[in-house]
Amino acid sequence: MSNQFQFVEDIIKAGLPDAHVMVEDMTGTRDHLAITVVSDAFEGKMLFQQHQLLMTLLKDELKTRIHAVKLETFTKAKYAQAKG
């Protein structure tokens with residue numbers, strides 16, 4: 001991940017300390033981000049609850065630096081299964 005998106009990782013890890021965070025710039029404008037988060041905090045939560053958790057963490061940045069996000073969320077086991 002580029003250092004330009006370190007603030008996104010820092011915010012997410014503050015709320016989800018075990019998270020592995022990957023951020024990609026979708027448009028080259030640095031405000032449309034594809035964010036993938038792997039955390040066991042998602043265990044037992046429905047997809048919308050997982051995304052809602054992240055949107056809550058990022059709410060202040062969504063008012064200023066981030067215009068749009070595409071979220072992918074996984075537990076560690078699901079990520080290993082999906083990417084393995």
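Observations on the structure shown:
- LEU47 closer than 14 Å to GLU9 by Cα, touching a residue at least 12 places away in the same chain (Cβ under 8 Å) and either within 11 Å of the chain's Cα centre (by Cα) or open to solvent by 100 Å² or more (accessible area, probe 1.4 Å) (or both): no
- Residue list for the stretch 9-26, restricted to those being outside any helix (DSSP H, G or I), touching a helix residue (DSSP H, G or I) at 6+ places or on another chain (Cβ under 7 Å) and closer than 19 Å to GLU43 by Cα: LEU16, ASP18, ALA19, VAL21
- Taken together, PHE5, PHE42, PHE74 contain a single residue that is on the phi < 0 side of the Ramachandran plot, open to solvent by less than 80 Å² (accessible area, probe 1.4 Å) and at pLDDT below 95, which is PHE5.
- Exclusive hit being in contact with a Lys or Arg (Cβ under 9 Å, 6 or more places away or on another chain) and either β-branched (Val, Ile, Thr) or open to solvent by less than 80 Å² (accessible area, probe 1.4 Å) (or both), set LEU57, LEU33: LEU33
- Filter result for ASP25 (at pLDDT 95 or above and farther than 23 Å from LYS83 by Cβ): no
- Going through (1) at pLDDT 95 or above; (2) part of a loop (DSSP other than H, G, I, E, B); (3) in contact with a helix residue (DSSP H, G or I) (Cβ under 9 Å, 6 or more places away or on another chain) one by one, ARG30 falls short only on (1).
The values are calculated or read from the model by the stated rules, or taken from the named source; none is laboratory data. Predicted, not measured: the structure shown is a model, and the values here were computed from it. Glycine also receives a Cβ, built like all others from the backbone with ideal geometry; neighbour counts cover every protein chain displayed. We work out accessible area using only protein heavy atoms, side chains counted, and drop any ligands, DNA or RNA first. Shrake-Rupley method; radii C 1.70, N 1.55, O 1.52, S 1.80 Å.
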